[in-house]
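Chemist: Sharing a structure below in structure tokens format, with a few things to ask.
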Amino acid sequence: MSDTTVVLVHGAFAESASWSGVIALLQAAGHHVIAAPNALRSLSSDSAALSALIASIDGPVVLAGHSYGGSVITNAARGHDHVRALAYIAAFAPVEGESVGDVQGPDSGSTLGSTLTAVRLADGTNDLYIRPELFHEQFAADLPPAQAGLMAATQRPVRDVVLTEASGTPAWQTLPSWFLLAGADHNIPIDVQRFMAARAGARDIVEVGEASHAVLVTHPDQVAALILDAIAAA
């Protein structure tokens, strides 16, 4: 068994089980794997929770984030010398002062905003969900409809403040990064993904041209291969 622990962080409208295919491949390669819970409440609280988990792990750590999970690993990795690499899977890689909403704004080409429905919370904020009838096309168009329907039913909502909270100093400024880009992503359009990967100075960029935003579910072999490359090189 490797001494490296891979920590996988899901994003909005997903949950830890979305990593299942990737987990099986990483475990078969001999690595410890944790699919971290991501509460999707705020960038600061989500990053603090992940940071606490990282601090509890002995030995080298490689972090992989999908979608908003990329913003979380970008912030949570700071201050942990045993984090060796960051892997971004169709993910946000913000600069300091930038929010998810800044990246995914009306000029980005993202169609996510028009698919959302809100549930009002007691504190006046909102939980945001993708409307179930739109989930397949928006999030996972390359999955069979029945499987996409299961993902729609089990999606975790994201609190609206996540979209506007600014990132801190990005860990990718000092850690090597790997990026896997989803070419048919409607949440984070491919040109936006390419921009963030180039801006971060990615060690390697892999583009899966036909993949939806759910690329970790539809192409687990390519996602796992990228993470294994990061482990080997870091």
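The values are calculated or read from the model by the stated rules, or taken from the named source; none is laboratory data. Because the structure is a prediction, the values reported are computed rather than measured. Because the Cβ atoms are built from the backbone with ideal geometry, glycine has one as well, and the counts that use them run over all protein chains shown. Heavy atoms of the whole protein, side chains included, go into the accessibility calculation; ligands, DNA and RNA do not. Shrake-Rupley method; radii C 1.70, N 1.55, O 1.52, S 1.80 Å.
Chemist: Residue 167 - would you say it is in contact with a Pro (Cβ under 7 Å, 6 or more places away or on another chain) and open to solvent by less than 60 Å² (accessible area, probe 1.4 Å)?
Modeler: Taking the combined requirement at face value, the residue satisfies it.
Chemist: Taking the options 78, 84, name whichever one is part of a strand (DSSP E or B), among the charged types (D, E, K, R) and touching a Ser or Thr at 6+ places or on another chain (Cβ under 8 Å).
Modeler: The unique qualifying residue is 84.
Chemist: Within segment 119-133, track down each residue that is surrounded by fewer than 16 Cβ atoms within 10 Å (Cβ to Cβ) and either under 16 Å from residue 153 (Cβ atoms) or hydrophobic (A, V, I, L, M, F, W, C) (or both).
Modeler: Across segment 119-133, the qualifying residues are 119, 121, 122, 131, 132, 133.
Chemist: Further question on the same structure: Of the numbered conditions (1) farther than 22 Å from residue 234 by Cβ; (2) in a helix (DSSP H, G or I); (3) of a type in the set (A, V, I, L, M); (4) open to solvent by less than 50 Å² (accessible area, probe 1.4 Å), residue 53 satisfies every one except a single condition; which is it?
Modeler: That leaves (1) as the condition not met.
Chemist: Is it true that some residue in segment 173-196 is part of a loop (DSSP other than H, G, I, E, B) and of a type in the set (D, E, K, R)?
Modeler: Looking for residues that are part of a loop (DSSP other than H, G, I, E, B) and of a type in the set (D, E, K, R), one finds at least one in segment 173-196, hence yes.
Chemist: Follow-up question, since we're still on this one. I'd like to check something: does segment 59-66 contain any residue that is assigned to a loop (DSSP other than H, G, I, E, B) and either aromatic (Phe, Trp, Tyr) or modelled with pLDDT of 95 or more (or both)?
Modeler: yes
Chemist: I'd like the residue in segment 21-35 that is open to solvent by 60 Å² or more (accessible area, probe 1.4 Å) and out of contact with any helix residue (DSSP H, G or I) (no Cβ under 8 Å at 6 or more places or on another chain) and, out of all such residues, is farthest from residue 64 (Cα to Cα).
Modeler: 28
Residue by residue, here is whether (1) open to solvent by less than 10 Å² (accessible area, probe 1.4 Å); (2) closer than 19 Å to residue 65 by Cβ; (3) basic (Lys, Arg); (4) assigned to a strand (DSSP E or B) holds:
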| position | (1), (2), (3), (4) |
| --- | --- |
| 89 | yes, yes, no, yes |
| 95 | no, yes, no, no |
| 105 | no, no, no, no |
| 110 | no, yes, no, no |
| 113 | no, no, no, no |
| 117 | no, no, no, yes |
| 136 | no, no, no, no |
| 151 | no, yes, no, no |
